[in-house]
Each structure stands twice: as C-alpha cells, then as structure tokens.
1. Closer than 29 Å to I116 by Cα and without any contact (Cβ under 8 Å) to a residue 12 or more places away in the chain - does that describe any residue in the stretch 30-37?
2. Considering every residue within the stretch 56-67, establish whether at least one is touching a residue at least 24 places away in the same chain (Cβ under 8 Å), part of a helix (DSSP H, G or I) and either loosely packed, with under 10 Cβ neighbours inside 10 Å or not basic (K, R) (or both).
3. Taking the stretch 94-122, which residues are in contact with a helix residue (DSSP H, G or I) (Cβ under 7 Å, 6 or more places away or on another chain) and within 25 Å of Q74 (Cβ to Cβ)?
4. If we keep just the residues of the stretch 22-73 that are among the polar types (S, T, N, Q) and under 21 Å from the mean Cα position of the chain (by Cα), which is nearest to R122 (Cα to Cα)?
5. Go through the stretch 90-128 residue by residue and tally those that are in a strand (DSSP E or B) and closer than 19 Å to D153 by Cβ.
6. Determine the pairs where a residue that is without any contact (Cβ under 8 Å) to a residue 40 or more places away in the chain and in the same structural domain as G109 (by TED's automatic domain parsing), located within the stretch 119-142, has a partner that is surrounded by fewer than 17 Cβ atoms within 10 Å (Cβ to Cβ) and β-branched (V, I, T) with Cβ atoms under 9 Å apart, the partner being 6 or more residues away or on another chain.
7. Run down E117, E106, E126 and say which single residue is under 30 Å from T175 (Cβ atoms), surrounded by 14 or more Cβ atoms within 10 Å (Cβ to Cβ) and of a type in the set (D, E).
8. Can you pull out the residues in the stretch 131-148 that are in contact with a Lys or Arg (Cβ under 8 Å, 6 or more places away or on another chain), within 17 Å of E106 (Cβ to Cβ) and not in a helix (DSSP H, G or I)?
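The values are calculated or read from the model by the stated rules, or taken from the named source; none is laboratory data. Since this is a predicted model, take the numbers as computed values, not measurements. Every residue, glycine among them, receives a Cβ derived from its backbone with ideal geometry; neighbour counts consider all protein chains shown.
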Amino acid sequence: MKSDLLKYKHYIIILVALAFVNSVLDPLWVSITELQQKVYLNEVKVQKVTNVIAAKDEIDKQYGLLSIRTLQLQPYLFPASTEAEFKLSAQGKVESILADAQCSVERIGWKARSNIEQSLVRWTLEARYRGNPNCALMASRGFESAQPLIRIDSYSYGGKEVSGNKNNQMVIALTLVMWQNAKEVAL
C-alpha cells in the first residue's frame, strides 16, 4: 500500500493543489476582479464630479443668462397664478381685441393645456367670430401686437362670396396660443 502511495504521490499532490486553487485562489481572484470594477466605477464617478466642479463657473454663467432671459420674457406671459385668473384675463383680452376690431363673437372655447415647465403653461383657445374683411384684418393685427403674447396657431376664413365688397360677412375661426406664468414670479 505504501508503495502504491509513493507510486501515485505526484497525482495526490496535483489533486491537493487543484483543491487549494478551487477553494482559495478562485474566490480570491473573483473578489479581486470585483474590487477592480468598483475602483474603476469610483474613478469614473470622481472624474464626472471633477468635470461638474470645473464647469461650475460656466453653469453659474448660464443660470445668470437664463434669469435675464426669464426677466425679458415676463411681459409676454399672462401673470396669473390660478387657472381661473388666467382664463378670465386671457379671454377678456381676446374679447377686447375682437370688440376693438368690431367683430361679433360667436364662440370662445378653451381647447388644451400643456405644461412646458413648472412655472410655464401653454394654453390653446379657439375663437369663432363674424365680421367683414376689415374686422378680420384688425383682429389679426390686434392678436399679433398684443402683450401679453397671443399667437395665431391656425386660422380658417369663410364667406358666401368673394366679390371685393368691404361689407361681405365672413366667418373666422382662429386657434390662439397663450402662455401663463403659473408661479407669478417677478424676478
């Protein structure tokens, strides 16, 4: 038996070495590769934070420019903090423009609302009214020059005849877009 053990001694040494590698070295190798990945990810995070810190001055500069542009934008927005206040002031503005143009209002209805950001809301309003070509021209000019800004998004003009007569009655349907300063922040 001893002679058999001596005969297969090198096989036993190889088996013990393989068992040692499987039980000790392999988990150590996996642990080392995981730690290397963590170190790499931490280095990437450190590099990103360093880049943000380096760009802090540029970010502050852009924030200042954004604040200035927000100030410049204020006259074009309806300053109403609630939906009811906004609708009341915006619809009153539309009706006053149509009254100044001597148009007869048939219908004004709110179509859509979409939030552009926390303090800026985009509203769509549909206005349908009747009038002569002079009414259509004056109303369009009134909407284009209105402050706060009222933009004509789409339009439809219709009438019974096109004869060049200034008294021909037209039916005009406009889709108007307005913006609301929802937080009513005056910078």
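1. No - not one qualifying residue is present in the stretch 30-37.
2. Within the stretch 56-67, one or more residues are touching a residue at least 24 places away in the same chain (Cβ under 8 Å), part of a helix (DSSP H, G or I) and either loosely packed, with under 10 Cβ neighbours inside 10 Å or not basic (K, R) (or both).
3. Answer for the stretch 94-122, where residues must be in contact with a helix residue (DSSP H, G or I) (Cβ under 7 Å, 6 or more places away or on another chain) and within 25 Å of Q74 (Cβ to Cβ): I97, D100, W110.
4. T70
5. The total comes to 21.
6. Close Cβ pairs satisfying both conditions: S140/I152.
7. E126
8. Once the filter is applied, which keeps residues that are in contact with a Lys or Arg (Cβ under 8 Å, 6 or more places away or on another chain), within 17 Å of E106 (Cβ to Cβ) and not in a helix (DSSP H, G or I), the stretch 131-148 yields only N132.
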